[in-house]
Amino acid sequence: MKKPFHNLAYIAVFTLCSCAGGNPEVGGPFDCTRWILEDDVTNARDLGAWPLEDDYFIPCQKIFRGGDLTTLSTEACTDFTNLGIKTVIDLRADSVQLGQPGAACVTSITGQLNAAMPKLLPDTPENYLALLEETGAIATIFEALGNPDTYPVYIHCVIGRDRASFVTALILLTLGADQQTILDDFNLSENAGVAVKPDSLQAVLDEIDKLGGIEVLLASAGVTTGQIEVFRNEVRIK
């Protein structure tokens, strides 16, 4: 059984909006399940309902993150299809993507986007910080996120811990999440049995602050203001 987590703003909104009594539109933007594909995919979850600045939230079933989709059972293939995912962004190394492609039931119904980043072993602050230099992959990811046709999207590495968490941090910062929310999401990996080192991701957040903020970082990678605007409009609701 997964342990509860304790972002109170998330709990309040998710409790009110994920039930019929709290939301007259059942099946609406917050009527979702945090964990997905649990029996087949490591650490796979929905980013929906995390709180953002100015009373915005992330809608459910827009952005998913987790481990690779290489081996899915028949039941998991059905569950994946029901999620409606249109795009899979693969952060694994090129050789791994080639040698261990996604399950046929995934690749046959989704677009596959290669945004390869180096594997982080060990998962130290220094190795996390090195991912800030992966500007090509960052630009590729945000070009996709800046296209409404991309969604829903699943972003993954191998176990959904390091590269997926780095990209998720960039996503959450861009959408207006505070650092505590980003770390709360990062720490959820522990609930899936995946150990994390919060200091490693904190180093990335601190460095982005030193650089002048997330928009400065994205601009240096070639991400346009137009792409950011489309992304925010697509993945923020009140």
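The values are calculated or read from the model by the stated rules, or taken from the named source; none is laboratory data. Because the structure is predicted, anything quoted here is derived from the model rather than measured. Cβ atoms come from the backbone with ideal geometry, glycine included; neighbour counts cover every protein chain shown.
Tabulated results
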| read-out | value |
| --- | --- |
| Pick from segment 190-238, criterion touching a strand residue (DSSP E or B) at 6+ places or on another chain (Cβ under 9 Å) and closer than 22 Å to CYS157 by Cβ, ranking: surrounded by the most Cβ atoms within 10 Å (Cβ to Cβ) | VAL235 |
| In segment 115-136, residue nearest to LEU170 (Cα to Cα) [restricted to those that are surrounded by 14 or more Cβ atoms within 10 Å (Cβ to Cβ) and either free of Cβ contacts under 8 Å to residues at least 12 places away in the same chain or among the polar types (S, T, N, Q) (or both)] | THR135 |
| Residue among ILE171, ILE155 that alone is out of contact with any Asp or Glu (no Cβ under 9 Å at 6 or more places or on another chain) and under 23 Å from ARG236 (Cβ atoms) | ILE171 |
| 1 or more residues acidic (Asp, Glu) and either closer than 16 Å to LYS62 by Cα or modelled with pLDDT of 95 or more (or both): qualifying helices (runs of 4 or more DSSP H) within segment 117-203 | 125-130, 135-145, 179-187 |
